[in-house]
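Asks: Questions regarding the structure given below will be posed in turn.
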Amino acid sequence: MPRFSNDAIITLRLAHQESQRLNKEMIEPMDILVGLVKSRRGAVARFLIERGVDLRSIRDLNADPVGDEDFSRVWKALFPEEDTAPIVVEVKS
């Protein structure tokens with residue numbers, strides 16, 4: 001049984017390419033968002049794309065590093081019409 005799905009492998013490869021493009025030593029959460037949007041695969045990618053998140057908006061945020069504790073700032077930048085970041089995102093398969 002594979003450890004990761006094909007979609008996850010593709011997303012992580014794209015995230016790795018993004019981190020290399022920015023000369024980072026590791027893959028960070030914003031790189032994974034880039035990988036998700038570029039791959040256009042899976043429920044999370046569909047969630048982001050359906051809400052208008054695109055590669056440019058994520059790369060703009062990626063140019064201005066944030067800590068994990070500042071996720072609300074990232075959420076507000078990607079989804080300005082939303083009041084708060086959700087604690088749980090319901091995913092329908």
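The values are calculated or read from the model by the stated rules, or taken from the named source; none is laboratory data. On a predicted model such as this, the values are computed, not experimentally measured, just so you know. Here Cβ is always computed from backbone atoms with ideal geometry, including for glycine, and neighbour counts include all displayed protein chains.
Asks: If you take the residues of the stretch 16-31 that are of a type in the set (D, E, K, R) and not in a helix (DSSP H, G or I), which of them is nearest to SER5 (Cα to Cα)?
Replies: GLU28
Asks: Here's something else I'd like to know. Of the conditions (1) surrounded by 11 or more Cβ atoms within 10 Å (Cβ to Cβ); (2) modelled with pLDDT of 80 or more; (3) on the phi < 0 side of the Ramachandran plot; (4) touching a Leu at 6+ places or on another chain (Cβ under 8 Å), GLY42 satisfies every one except a single condition; which number is it?
Replies: Every condition holds for GLY42 apart from (3).
Asks: Also, I was wondering about something else. Mind checking which pairs have a first residue in the stretch 1-22 that is within 21 Å of ARG59 (Cβ to Cβ) and surrounded by fewer than 16 Cβ atoms within 10 Å (Cβ to Cβ) and a second that is modelled with pLDDT of 90 or more and not β-branched (Val, Ile, Thr), Cβ under 9 Å, 6 or more apart or different chains?
Replies: ARG13/GLY35; ARG13/SER39; GLN17/GLY35; GLN17/LYS38
Asks: Another question, if that's okay. Can you find, within the stretch 32-45, the residue that is nearest to LEU14 (Cα to Cα) among those that are in a helix (DSSP H, G or I) and over 11 Å from the mean Cα position of the chain (by Cα)?
Replies: Among those that are in a helix (DSSP H, G or I) and over 11 Å from the mean Cα position of the chain (by Cα), it is GLY42.
Asks: Name the residues in the stretch 34-59 that are within 17 Å of PRO80 (Cα to Cα) and touching a helix residue (DSSP H, G or I) at 6+ places or on another chain (Cβ under 8 Å), would you?
Replies: LEU48, ILE49, ARG51, VAL53, ASP54, LEU55, SER57, ILE58, ARG59
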